[in-house]
């Protein structure tokens, strides 16, 4: 703090009325959820090769790969939904496409490779893989199961660690985060691949970490203030952890910001999803999870914390 004076801009003690804004936040969340579901239902998701099926090819060129020219060529030869991105060295790139009219996967791969080699002298195809509809369906189902198992395990953990209403609040908040994140991917038409599933699982982990910290501070204050109204205890708890939340979230976003400035980066969809998840996960901890506890109520029969007596020794 001595060498970074900007940290002093974050106040140590705040008195925001978080609970007072909960009705407005509920309206905002409802609008965003309805909009996300409408987007998913009407225009669907931009599924990549992992889920929609298609062909992936790796290739090299004698010099730096002309990615722009390769993209133009892919569109000219009739490849559907082509994607071209650099991989590792400057002369190595990866081509993804779903299909070519009138050709099966193997014929389409041979056709595309031939056209690229004719256009770019010295181009060599070093690897090729094809994902069929059956495999893509299995990957989709596997991703959904991974998300479902993660949510179920977290519900039991929060129930065991705190109280049932804490667990339900956390799960509702996580559903809120997932729906809004998937809705954002639908609206922006960012490609959804297995990397996106990894990003969603990361978002769930970060969001749950925020909720555990929030619940832990709330439980501690419920033991201290047994007669104080629950809404006041919630406000106190959130104000006490606000500076920590702002610093942690800002640090995480700064770490991700480098990859956000380049939409062509192979990790852009992963980083974009994670950055949005950090923001929405922090929001849902305050305005989705905690209102459930406020409406349900919380037990206050836990014993007060007993300070540990220091051990006295004789010299």
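We did not get these values from a lab; they are worked out from the coordinates using the rules stated. None of these values were measured; they are calculated from a predicted model. Using ideal geometry, Cβ is built from the backbone for each residue, glycine included, and neighbour counts are taken over all protein chains shown.
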*asked:* With only alpha-carbon pairs counted, each pair once and no self-pairs, how large is the Kirkwood hydrodynamic radius of the stretch 54-131 in angstroms?
replied: 12.2 Å
*Give the relative contact order (percent, whole number) for the stretch 197-272; include only Cα pairs under 8 Å separated by 6+ residues.*
28 percent
*Using 0.36 nm per residue of separation minus the Cα-Cα distance, give me the extension gain between residue 24 and residue 151 in nm, one decimal.*
43.1 nm
_Can you compute the modelled spin-label distance between residue 224 and residue 240, with each label point 7 Å from Cα toward Cβ, in nm?_
0.3 nm
*How long is the gain from residue 129 to residue 32 if the chain were fully straight, where each residue apart is worth 0.36 nm and the alpha carbon distance is subtracted?*
31.1 nm
_I need to check one value: relative contact order of the stretch 54-131, counting alpha carbon pairs closer than 8 Å and at least 6 residues apart, in percent._
45 percent
*If you count, for each residue, the other Cβ atoms within 10 Å and average over each peptide, how do 249-255, 189-195 line up from highest to lowest?*
189-195, 249-255
_Can you give the FRET efficiency to the nearest 0.05 for residue 87 and residue 187, using r as the Cβ-Cβ distance and R₀ = 41 Å?_
0.90
_For the stretch 135-277: rounded, prolate or oblate by the Cα gyration tensor [a/c cutoff 1.5]_ = oblate
*asked:* How far apart, in nanometres, would the label points at residue 17 and residue 43 be if each is projected 7 angstrom from Cα along the Cα-to-Cβ direction?
replied: 3.9 nm
